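Notes to accompany the following structure.
The values are calculated or read from the model by the stated rules, or taken from the named source; none is laboratory data. Please read these numbers as outputs of a predicted model, since none were measured by experiment. Glycine gets a Cβ as well: all are built from the backbone with ideal geometry, and neighbour counts include every protein chain shown.
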Amino acid sequence: MSSVNLKDVNKYYYSAGQLVHAVQNLNMCIADGEFVAIVGPSGCGKSSTMRMIAGLEGITSGTLEFDGKVVNHLPASERNVALSFESYALYQHMTVRENIAFCLKMKKLKDEEIKKKTDWIISLLGIEAICDYKPSNLSGGQSQLVSLARALVRQPAVTLLDEPISHLDRGARQDVSMKIRELHNNLGLTMIYVTHNQEEAFALADRIAVMDGGRLLQIGRREEILDDPRDMFVAEFVGEPSMNFIHCNVTHDNGEIRLISKNKPMITLPFNGDPAVLISKEIKEVTVGVRPIDCHLNKQSDSIQLSGEVHLYEHLGENAIVRVCVGDYSIAVDIDPSIKVAIGEKVTLGFNSNRLYYFDSASGKSINHLDD
Amino acid sequence: MSNKIEFKGVHKSFGSNQVLEDVNFSIRQNEFFVLFGPSSVGKSTILKLIAGLEYVDDGSILIDDQDVTTMPAGKRNVRMAFENFVLYPHMTVYENLAGVLRNSKVKRHEIDRLVHDTTRMLGIEQYLNRLPRQLSGGQKQRVSLGRALVMKSEIYLLDEPLAHLDAKLRNELRTEFQDIKSVLGNATVVYVTHDYTEAMALGDRVCVLYDKHIAQLDKPEVIYNRPVNLAVARMFGQPEINVLRLNVDKAGGRLYNDSFSLEINDKKSLGEQIYNYEKNTVLLGCRPRNWLFSFTQPAEDGYCEAEVIGFEIRNFRGIIIVKLPDGQFLSILTEQYSSVKAGTKIYIKPDLNHSYLFDVETEENLAIGGGKN
């Protein structure tokens, strides 16, 4: 296993006569045995990053190190990186076992060695029953496991997974993701997982890297990303439905800072951060964010209470989403489905002031991270 | 409320592959009716039968109490939108919509009004002069939907209109669909999906198809809270319902296996179900959100010591993945999202007040009359 270190990595492409800066000054350090997910919308540079690590794309500038050694110049075949794609790319004319053994054969290992290793990975993934099947007889989930087995049988230094479960149906998805997790736990693999689906990233990885427009916006443990998003994009990207935002003007009232909403109704919100930051940076407008899960209906203990009308109610099984119209604002609330409200019902929407997030409206950056 | 569409004893096969077997149901006037089920279960086939794009092998279909079983598609007043809609790339949004109406010889000023009404409803009125390639994925999807909705009809058939969108966009559009739904209030909509959250959020009633038959047809909440069998319980809920295979000890008033020993004497409802049950083993289903757990050994009985093997975070809730001593995996939903380390010991037991019992052979819910054979 290896650590992976990207230093000031840039990637430019020529596309339709235009120079595209696909990855911009990327710095990322992935420790040995870590499980990191790279998420972002399409075109954010996550796949380019993965392909550069695998050696399928050149690096325009910057360095890529495995275990402290620069590998920029090494071709894909010499990097000992395993790749498992969304499309499994299995050899259709070979059985599952032959598919898995194939790359070992190419490495000219002895037959008994090949058998030993193949048996080991097959039992590890629990796919003994399908060993002699051809790929055309496998379900989507099974094909993905075989593709994974083939990638891992070489005991790679780094394993890259490109949307391995996003197109599987729900049952298979749960099964494959559990296997991936167990493998990671048992083998201590360094794994990098690329996906556009934040839900999958948060399901599996220890740390999450959020990218947008070729730039790394934030990397951190899952809780860090959720509790302390560095900017509005990250805050909005994680969680479903997205964070509610209220754009406010900053007012100074006898030395106390108050935030007053720009749209109707006039909502006055407290500012819990350091007032000196707002003053020194001359920030005139602040966007306040509150997560749907931190909003409640008709709860007395909430420090901020707004009256509104239910505009929409979605019962989703495990939870229910309510949209409440408060003047010009439509605020999403994520509540227990046992709480029933009718459309058109007048409700009190509340949240606690200690659950608010503050962003500089101009730059979109979190007030806590203006200097990052 | 009168019935708009009615299926009576419908059979349909494609070659030797039977898709529908003796299917009976009726869709009410102005209902938002969701057809839900796993892939290739015959959801789209039902839509095509209503539209007249396929014909039944046996049985009959009624629309407005009139037998349309053999009526050609063109004569049925039905509008259908397919899963992968097509837009003309060289035509603007306006032309893409207006073209549908021109083909049906609608008057010019009427076309203008209908196009504007539809695009306003879908929130794409400002893009009327754009070409499809100048639109985002979600906007294109709305235009495609507009092509189906622009012609006034009493019945709209929508085949997975949100399926090809990425997760974030799909959730957004699902929410917007609620608004569209209220505008379409005086039309009957049949909506096909394989996503249970869509089915639950949108459907007035949901028809769950499974293995050629209708497994359950009811209000979405009823299906979630009282699934008729294990297959339905599995389809509704994420993560999936956990199932334990337990031995029945009627005399001792308990259900047990190597990991659990659960007292059911005092649980009135489950106790009654077991009392009327003849077999020696039973399946207990308990949704991930209904488990009791602790990281220290509880004083109470019935908890099983297990190992945490993973921790997922999903929308600010945690999912603890647990491995039982016998190797079975379970998922447990918590309101906290601070990580639990793999390898941690956890003591768990299902909350029997929120559990279901299923017949070990038929997999029917004992509370709804399973286990009687």
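Please go through the range B:234-243 and give me each residue that is under 22 Å from B:ILE320 (Cβ atoms), within 11 Å of chain A (Cβ to nearest Cβ) and of a type in the set (A, V, I, L, M), ordered by number. If the condition is that a residue be under 22 Å from B:ILE320 (Cβ atoms), within 11 Å of chain A (Cβ to nearest Cβ) and of a type in the set (A, V, I, L, M), then B:ILE241 is the only one that fits.
Residues of the range A:115-139 that are without any contact (Cβ under 8 Å) to a residue 24 or more places away in the chain and within 17 Å of A:ALA172 (Cβ to Cβ): A:ALA129, A:ASN137. Cβ-Cβ distances below 7 Å connect the following pairs, each with a first residue in the range A:272-290 that is of a type in the set (Gly, Ala, Ser), a second residue that is in a helix (DSSP H, G or I), and a separation of six or more residues or different chains: A:GLY273/A:ILE367; A:GLY273/A:ASN368; A:GLY289/A:ALA235.
For the condition out of contact with any Cys (no Cβ under 9 Å at 6 or more places or on another chain) and either acidic (Asp, Glu) or surrounded by 16 or more Cβ atoms within 10 Å (Cβ to Cβ) (or both), what is the one hit in A:VAL20, A:VAL9? Write out each step before concluding.
Working: A:VAL20 fails: either acidic (Asp, Glu) or surrounded by 16 or more Cβ atoms within 10 Å (Cβ to Cβ) (or both).
Exactly one of A:VAL20, A:VAL9 is out of contact with any Cys (no Cβ under 9 Å at 6 or more places or on another chain) and either acidic (Asp, Glu) or surrounded by 16 or more Cβ atoms within 10 Å (Cβ to Cβ) (or both), namely A:VAL9.
Considering only residues in the range A:294-320 that are more than 23 Å from A:LYS264 (Cα to Cα) and touching an Asp or Glu at 6+ places or on another chain (Cβ under 8 Å), the one that is modelled with the highest pLDDT turns out to be A:ALA320.
Could you name every one of the helices (runs of 4 or more DSSP H) located completely within the range B:152-226 that has at least 1 residues being more than 14 Å from every other protein chain (Cβ to nearest Cβ) and farther than 30 Å from B:HIS11 by Cβ?
Values: elements: B:167-183, B:196-202, B:220-225.
Helices (runs of 4 or more DSSP H) meeting the threshold: none at all.
Please indicate, with yes or no, whether at least one residue in the range A:333-342 is modelled with pLDDT of 90 or more, touching an Asp or Glu at 6+ places or on another chain (Cβ under 8 Å) and crowded, with 17+ Cβ neighbours inside 10 Å. Checked the range A:333-342: no residue is modelled with pLDDT of 90 or more, touching an Asp or Glu at 6+ places or on another chain (Cβ under 8 Å) and crowded, with 17+ Cβ neighbours inside 10 Å.
I'm trying to understand the selection: among the residues of the range B:128-151, which are closer than 27 Å to A:ILE331 by Cβ and more than 14 Å from chain A (Cβ to nearest Cβ)? Steps first, please.
Going residue by residue through the range B:128-151, those that are closer than 27 Å to A:ILE331 by Cβ are B:136-139, B:141-142, B:145.
Scanning the range B:128-151 gives B:GLN139, B:GLN141, B:ARG142, B:LEU145.
The set of residues from the range B:199-213 being over 23 Å from B:VAL150 (Cα atoms) and either in contact with a Lys or Arg (Cβ under 7 Å, 6 or more places away or on another chain) or without any contact (Cβ under 8 Å) to a residue 24 or more places away in the chain (or both) comprises B:ALA201, B:ARG205, B:LEU209. One residue stands out in the range B:302-355 among those that are surrounded by fewer than 18 Cβ atoms within 10 Å (Cβ to Cβ), under 25 Å from A:ALA172 (Cβ atoms) and of a type in the set (Asp, Glu): the one that is farthest from the other protein chains (Cβ to nearest Cβ), namely B:ASP326. In the condition set (1) touching a Leu at 6+ places or on another chain (Cβ under 8 Å); (2) surrounded by 13 or more Cβ atoms within 10 Å (Cβ to Cβ), A:ILE122 is compliant with all but (1). Can you name the residue in the range A:278-302 that is within 14 Å of another protein chain (Cβ to nearest Cβ) and part of a strand (DSSP E or B) and, of all such residues, is nearest to A:LYS365 (Cα to Cα)? Within the range A:278-302, the match that is nearest to A:LYS365 (Cα to Cα) is A:GLY289.
For the range A:13-21, state whether one or more residues are of a type outside the set (Ser, Thr, Tyr) and touching a residue at least 12 places away in the same chain (Cβ under 8 Å). Among the residues of the range A:13-21, at least one is of a type outside the set (Ser, Thr, Tyr) and touching a residue at least 12 places away in the same chain (Cβ under 8 Å), which makes the answer yes. When restricted to residues that are within 14 Å of chain B (Cβ to nearest Cβ), surrounded by 20 or more Cβ atoms within 10 Å (Cβ to Cβ) and under 18 Å from A:LYS365 (Cα atoms), the range A:234-277 contains 6. Of all residues in the range B:50-98, those satisfying the criterion of being without any contact (Cβ under 8 Å) to a residue 60 or more places away in the chain and among the small types (Gly, Ala, Ser) are B:GLY52, B:GLY59, B:SER60, B:ALA73, B:GLY74, B:ALA98.
Scan the range B:290-299 and tell me whether some residue there is surrounded by fewer than 20 Cβ atoms within 10 Å (Cβ to Cβ), small (Gly, Ala, Ser), away from chain A (no Cβ under 12 Å) and on the phi > 0 side of the Ramachandran plot. Among the residues of the range B:290-299, not one is surrounded by fewer than 20 Cβ atoms within 10 Å (Cβ to Cβ), small (Gly, Ala, Ser), away from chain A (no Cβ under 12 Å) and on the phi > 0 side of the Ramachandran plot, which makes the answer no.
One residue is enough: does the range B:115-123 have a residue meeting the conditions within 28 Å of B:ILE46 (Cβ to Cβ) and in contact with a Ser or Thr (Cβ under 7 Å, 6 or more places away or on another chain)? Step through it out loud before you land on a result.
As a first pass, look at the range B:115-123 and keep what is within 28 Å of B:ILE46 (Cβ to Cβ): B:118, B:121-122.
From the residues that got through so far, the ones that are in contact with a Ser or Thr (Cβ under 7 Å, 6 or more places away or on another chain) too are none.
No, the range B:115-123 has no match at all.
Of the strands (runs of 3 or more DSSP E) lying entirely inside the range B:248-352, the ones with 3 or more residues being at pLDDT 95 or above and within 25 Å of B:ILE368 (Cα to Cα) are found at B:281-286. Whenever a residue of the range A:161-180 is at positive phi, its partners that are surrounded by fewer than 19 Cβ atoms within 10 Å (Cβ to Cβ), lying with C-beta atoms within less than 6 angstrom and at least six residues away or across chains, give the pairs A:GLU163/A:GLU86.
Just give me the residues in the range B:37-49 being out of contact with any Leu (no Cβ under 7 Å at 6 or more places or on another chain) and either hydrophobic (A, V, I, L, M, F, W, C) or at negative phi (or both), in sequence order.
The first filter runs over the range B:37-49 and keeps only residues out of contact with any Leu (no Cβ under 7 Å at 6 or more places or on another chain), leaving B:38-40, B:44, B:48-49.
Correct list: B:PRO38, B:SER39, B:SER44, B:LYS48, B:LEU49.
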